[in-house]
Ligand SMILES: [Zn+2]
Ligand SMILES: [Zn+2]
């Protein structure tokens, strides 16, 4: 089968590899119908994910059809359409039992697929702990609608949930890239009084204005004035930092009102400064990433009911054979690209 592979630091290649097989009784084998490219894939390519293992198939955002299950897998059957979770988790350790699946203590726990074990930019993928890692896609929800459920949509859903958003709140979201836009939709599920999105890229700002006319979309130069004008207590009640740019951590705590919650979803390239003397008395609560992605069933129910729709983010589609072209486009930010879908095998 074809599998897009991390060969050496700085390089991916489309290789012919053997089709994976079941190894553990809790495994499932999934035929990948649709995959996507994530910024984290680029982090692997550029060597900023030290635990990524050369030789592995990359890709951790995908949907597909169950082809085979191990003998201990009770809740899934061959033929089931499934969303694949970015995180592998046992469901049984201390952290899993608290819902903190990102910190699952199993050796394969956490972000393993497409990083430490073979992922899904391929025709087939072996999914460990399949009962935890796969979520059946309801009839009436398409592959394209479900594609982000296990990764960036799970991230937005988790971030919105831990931010304790109330109906009177002004919520500020920094960053309107794919994860920022998923976070925005999940924040709107909590019905805050006002949402402000800050983004430096004019195309992304226009995207927010087009799809969410009631959300205030502003460039960084206008941010402080906008927050002051639209918050009742000297700053945003909740801030979600999804940009990860050099200045956005500072912007996040500066724009927060006293006693606000600041949720840091972003993954930074460099350490950030927490200037405690400057923020003394502001009494902020910081919550930090990564995602505990174990609510995929709820997310799919929201999609089925029409409350979440991330299909406008899928701006381009390529077949697996042309994945190198898809990566070039995704990396270049050309042609209004937001997210790229990769058709790995034919639709069911
Ligand atoms: Zn990702
Ligand atoms: Zn666990």
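Values in this text are rule-based calculations from the coordinates and carry no lab data. In this text, all values refer to a predicted model and were calculated from it rather than measured experimentally. Positions of Cβ are backbone-derived with ideal geometry, glycine not excepted, and every protein chain shown enters the neighbour counts.
Gyration tensor over the Cα atoms of the chain: the corresponding equivalent ellipsoid has semi-axes (square roots of 5 times the eigenvalues, largest first) of 34, 21, 20 Å. In this label model, residue 301 and residue 324 are separated by 4.6 nm, measuring between points 7 Å along each Cα→Cβ vector.
Please work out whether the range 167-244 counts as rounded, prolate or oblate from its C-alpha gyration tensor, where a ≥ b ≥ c are the square roots of the eigenvalues and a/c under 1.5 means rounded, while otherwise a/b larger than b/c means prolate and anything else oblate? Oblate shape, in that a/c is at least 1.5 and b/c is the bigger or equal ratio. Summary value for the range 156-288: 24 percent relative contact order, contacts being C-alpha pairs under 8 angstrom separated by 6+ residues. Under the criterion of Cα pairs below 8 Å and six or more residues apart, the relative contact order for the chain equals 18 percent. Roughly how many Å is it from the Cα centre of the range 276-303 to that of the range 46-97, as a whole number? Each part reduced to its Cα centre gives a spacing of 23 Å. At q = 0.17, 0.22, 0.26 Å⁻¹ the log10 of I(q)/I(0) for the range 144-192 amounts to -0.45, -0.72, -0.95, computed by Debye summation with a single uniform scatterer per C-alpha, solvent ignored. Highest average first, the peptides 165-174, 149-158 ordered by how many other beta carbon atoms sit within 10 Å of their residues are 149-158, 165-174. On the principal axes of its alpha carbon atoms, the range 66-149 extends 35, 26, 24 Å, with the longest extent given first. Top mean-square fluctuation among 325, 61, 199, Gaussian network model of the chain, C-alpha springs under 10 Å? Per the Cα network of the chain with a 10 Å cutoff, 325 tops the list.
For the range 35-87, the relative contact order is 34 percent, taking Cα pairs closer than 8 Å that sit 6 or more residues apart in sequence and dividing their mean separation by the residue count. Between residue 274 and residue 7, the distance separating the two model label sites (each 7 Å from Cα on the Cα→Cβ line) works out to 4.2 nm. Over the residues of the chain, the helix contribution to mean residue ellipticity at 222 nm works out to -6500 deg cm²/dmol, using -39500 (n - 2.57) for each DSSP H run of at least 4.
Judged by the gyration tensor of its Cα atoms, with axes a ≥ b ≥ c, the range 156-288 is rounded; a/c sits under the 1.5 cut.
Working from label points 7 Å from Cα in the Cα-to-Cβ sense, the residue 46 to residue 315 distance is 1.8 nm. Relative to the longest principal axis of the Cα atoms of the chain, the long axis of helix 323-332 makes an angle of roughly 10 degrees. Using a ≥ b ≥ c from the Cα gyration tensor of the range 1-130 (square roots of the eigenvalues), is it rounded, prolate or oblate, where a/c under 1.5 gives rounded and otherwise the larger of a/b and b/c decides, a/b for prolate? In terms of gyration-tensor shape, oblate.
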